[in-house]
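Below is one structure; the comments refer to it alone.
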Amino acid sequence: VAKRLENFKTTIFTQMSLLAIKHGAINLGQGFPNFDGPEFVKEAAIEAIKEGKNQYARGYGVPELNSAIAERFKKDTGLQVNPEKEVTVTSGCTEAIAATILGLINPGDEVVLFAPFYDSYLATLSMAGAEVKSVTLCPPDFAVPLDELKSVVTKKTRAIMINTPHNPTGKMFSREELEVIASLCIENDILVFTDEVYDKLAFEAEHISIASLPGMYERTVTMNSLGKTFSLTGWKIGWAVAPPHLTWGFRQAHSFLTFSTSTPMQWAASVALRAADTYYEELKRDYLAKKAILVEGLKAAGFIVYPSSGTYFVMVDHTPFGFENDITFCEYLITEVGVVAIPTSVFYLNPEEGKSLVRFTFCKDEHTLRAAMKLACFAL
Ligand code: GLN
């Protein structure tokens with residue numbers, strides 16, 4: 001393996017899902033729904049395939065999808081963007097993250113992450129030769145330590161990466177936090193890369209895109225995807241919205257990473273994004289019921305459960321059960337209890353910081369969630 005990746009292992013999500021299968025355990029680890037996406041979107045994909053929309057798509061996206069994304073961005077943020085010059089379709093948000101970093105970061109540039117961070121950020125920054133600084137969000141509220149953030153910014157800081165609603169903590173960045181980050185970026189000429197794939201799973205707070213703050217659009221790449229909102233994580237349709245000068249670098253990387261994204265799925269995605277508001281309301285209502293089952297179950301089992309405002313994840317402290325760290329706890333949970341969660345120490349530069357924390361997901365049907373909580377209450 002190349003030096004730039006030698007410190008990375010198989011992703012924790014893959015490891016945990018394999019263990020779930022091996023031990024026949026209930027998988028509340030990797031965040032993928034065990035129910036299907038909406039019929040009207042699946043039908044749209046079948047139609048697109050039958051209609052012969054099967055050859056390479058335009059590199060930066062099928063025109064109908066670029067405009068559907070621009071329309072949704074306008075609705076969500078109030079910002080009018082040019083679908084041809086400022087929207088790029090990618091193979092999932094993970095590719096958007098890679099194209100952003102590889103297209104806009106030079107070796108030696110400093111990039112600030114908030115820990116715990118989604119695993120692909122660090123791996124891709126490593127591929128780009130970036131210097132990573134991290135600022136840790138701590139329980140119970142995972143608030144941004146603003147003074148510490150200011151102290152890690154230097155002349156070499158090129159970008160700050162945000163993820164709101166935040167995986168794995170469920171934290172949502174508040175307007176005040178985003179305003180401080182914005183003024184820091186404007187003062188020091190720093191870019192913001194923001195991953196907002198859980199924006200429609202905002203339960204306890206209002207989702208705010210940092211691009212909508214004054215002076216920020218011109219320095220922000222906003223990334224999103226179809227998978228979480230439409231329960232279609234396997235389709236791998238993502239996108240980025242950014243001003244033309246940033247889109248240029250982004251598209252250079254995208255052209256040589258994947259060139260283009262699945263044509264029929266892009267057509268179906270354009271239909272999905274034009275869904276009525278009632279679709280999003282129902283999605284949230286269903287997820288709130290699931291969340292309640294998980295949170296009550298985890299509390300009843302004896303975990304310290306931290307409040308989660310958005311995403312379909314909940315962070316807990318497992319230390320009441322007396323295990324050495326998150327890995328040993330998760331091993332016991334799989335083999336002796338029959339439930340899979342995600343140990344979080346891999347999401348920190350210093351793994352010690354995550355050793356008391358594990359993440360559970362509630363993107364499963366209610367029967368599965370109840371069965372898992374019954375096992376946890378019984379066997380822990
Ligand atoms: N985003 C999903 C999660 O956090 C996992 C995606 C993956 O397996 N790479 O669970």
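What to note about this one:
- Complete set of residues in segment 297-356 that are acidic (Asp, Glu) and assigned to a helix (DSSP H, G or I): Asp326, Glu331, Glu336, Glu352, Glu353
- Matching residues, segment 212-229, being within 16 Å of the ligand (Cβ to nearest atom) and touching a Lys or Arg at 6+ places or on another chain (Cβ under 9 Å): Asn224, Ser225, Leu226, Gly227, Lys228, Thr229
- Residue in segment 357-380 that is part of a helix (DSSP H, G or I) and over 19 Å from Ala300 (Cβ atoms) present: no
- Flag for Thr335 being touching a helix residue (DSSP H, G or I) at 6+ places or on another chain (Cβ under 7 Å) and either closer than 21 Å to Met172 by Cα or not assigned by TED's automatic domain parsing to the domain that holds Phe114 (or both): yes
- Test for Gly52: is it crowded, with 17+ Cβ neighbours inside 10 Å and either in contact with a Cys (Cβ under 8 Å, 6 or more places away or on another chain) or in a loop (DSSP other than H, G, I, E, B) (or both): no
- Residue match in segment 325-335 (condition: out of contact with any Lys or Arg (no Cβ under 8 Å at 6 or more places or on another chain), under 30 Å from Ile69 (Cα atoms) and not β-branched (Val, Ile, Thr)): no
- Scan of segment 1-15 for residues that are out of contact with any helix residue (DSSP H, G or I) (no Cβ under 9 Å at 6 or more places or on another chain) and part of a loop (DSSP other than H, G, I, E, B), ordered by number: Val1, Glu6
- Note on segment 187-211: among residues that are within 16 Å of the ligand (Cβ to nearest atom) and of a type in the set (Asp, Glu), the one that is surrounded by the fewest Cβ atoms within 10 Å (Cβ to Cβ) is Asp199.
- If you go through segment 177-205 and pick out every residue that is in a helix (DSSP H, G or I) and of a type in the set (A, V, I, L, M, F, W, C), you end up with 7.
- Qualifying residue in segment 16-33 (condition: within 10 Å of the ligand (Cβ to nearest atom), in a helix (DSSP H, G or I) and surrounded by 14 or more Cβ atoms within 10 Å (Cβ to Cβ)): yes
The values are calculated or read from the model by the stated rules, or taken from the named source; none is laboratory data. Worth saying up front: this structure is predicted, and the values here are computed from it rather than measured. Here Cβ is always computed from backbone atoms with ideal geometry, including for glycine, and neighbour counts include all displayed protein chains.
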